[in-house]
Amino acid sequence: MKAELINVVKTYKEKCVLSGASCCFDGGKIYGLVGENGAGKSVILKLLAGLAAPTEGEVLTGGEDAADRKTVSVGGLINEAGFVDYMSGMDNLRYLAALEGGLSKEALENAMHTVGLDPALRKGVGKYSYGMRQRLGIAQAVMKPHDIYLFDEPLNGIDAYSQETIRNVIKALRTEDCVVVITSHNTQDIDYLCDEVYEVKNGKIQPAAVPTPAAGGLLQ
């Protein structure tokens, strides 16, 4: 599996976010995207997910146009997850799974257990804390196998007790057949999870020299 940006230009109204950006993400690795707020990290994830189209250039997933893919499956969490607030976490996952043909109760329960949530909890997601919603968002991303996984600040808002669980969930996705791309401002997450790191800066994507947690703390 491979995902590629080839000479991608992306503009919103008069603002150019990406200007001739190119990068290749291969299966079997976890990639990190770092850079300043507004640099275009989330835009890259949206392009790979097919949620946005390039103004110029190509975005390919498994050799297919990302916005018109036929065989490649993409899962992930980009920006804040959207759920039906009055429904429980389990019911939300069941509803989302039904949109793609359905999953067994066991598969949905396993997804929730994996991220440290109780599938028997009946309160509506609208009453979840931000961190619980974030974990549910990750559960929906991994409740079925995908070819590509995209996570935008996956540990944002998650308490320290649960962060190691989520890191391990993401790390377990690294297989030869899967591409995994995450964004994070936290060098500890990048250092622990990522095999290769790219910096998004001035509309380009380039290999990043990531400071160690002891030397750099948080990436800005």
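When the range 72-90 is limited to residues that are more than 16 Å from the chain's Cα centre (by Cα) and not aliphatic (A, V, I, L, M), the one that is nearest to residue 109 (Cα to Cα) turns out to be 89. Every listed requirement among (1) in contact with a helix residue (DSSP H, G or I) (Cβ under 9 Å, 6 or more places away or on another chain); (2) within 26 Å of residue 50 (Cα to Cα); (3) outside the structural domain of residue 28 (by TED's automatic domain parsing) is met by residue 120 save one, (2).
Against the conditions (1) under 30 Å from residue 209 (Cα atoms); (2) in a loop (DSSP other than H, G, I, E, B); (3) at pLDDT below 95, residue 81 satisfies every one except (1). Checked across the range 54-67, the condition of being touching a residue at least 60 places away in the same chain (Cβ under 8 Å), surrounded by 15 or more Cβ atoms within 10 Å (Cβ to Cβ) and under 13 Å from the mean Cα position of the chain (by Cα) holds for no residue. Tell me yes or no: at least one residue of the range 45-58 is touching a Lys or Arg at 6+ places or on another chain (Cβ under 6 Å) and either closer than 17 Å to residue 206 by Cβ or of a type in the set (A, V, I, L, M, F, W, C) (or both). Within the range 45-58, one or more residues are touching a Lys or Arg at 6+ places or on another chain (Cβ under 6 Å) and either closer than 17 Å to residue 206 by Cβ or of a type in the set (A, V, I, L, M, F, W, C) (or both). Out of everything in the range 162-179 that is of a type in the set (S, T, N, Q) and surrounded by fewer than 17 Cβ atoms within 10 Å (Cβ to Cβ), what residue ends up being nearest to residue 26 (Cα to Cα)? Among them, the one singled out is 175. In the range 124-140, the count of residues that are polar (S, T, N, Q), more than 21 Å from residue 168 (Cα to Cα) and outside the structural domain of residue 169 (by TED's automatic domain parsing) is one or more. Candidates are the residues of the range 176-215 that are of a type in the set (Ser, Thr, Tyr) and outside any helix (DSSP H, G or I); the one that is modelled with the lowest pLDDT is 212. Does residue 152 fit the bill of being free of Cβ contacts under 8 Å to residues at least 60 places away in the same chain, assigned by TED's automatic domain parsing to the domain that holds residue 183 and not polar (S, T, N, Q)? When the stated conditions are applied, residue 152 does not pass them.
Screening the range 1-41 for residues that are among the acidic types (Asp, Glu) and loosely packed, with under 15 Cβ neighbours inside 10 Å and picking the one that is farthest from residue 174 (Cα to Cα) gives 14.
Take the residues in the range 37-53 that are free of Cβ contacts under 8 Å to residues at least 40 places away in the same chain and part of a helix (DSSP H, G or I), then tell me which one is nearest to residue 9 (Cα to Cα). Among them, the one singled out is 43.
The values are calculated or read from the model by the stated rules, or taken from the named source; none is laboratory data. In this text, all values refer to a predicted model and were calculated from it rather than measured experimentally. Quick reminder, even Gly has a Cβ in these numbers, built from the backbone with ideal geometry, and neighbours come from all protein chains shown.
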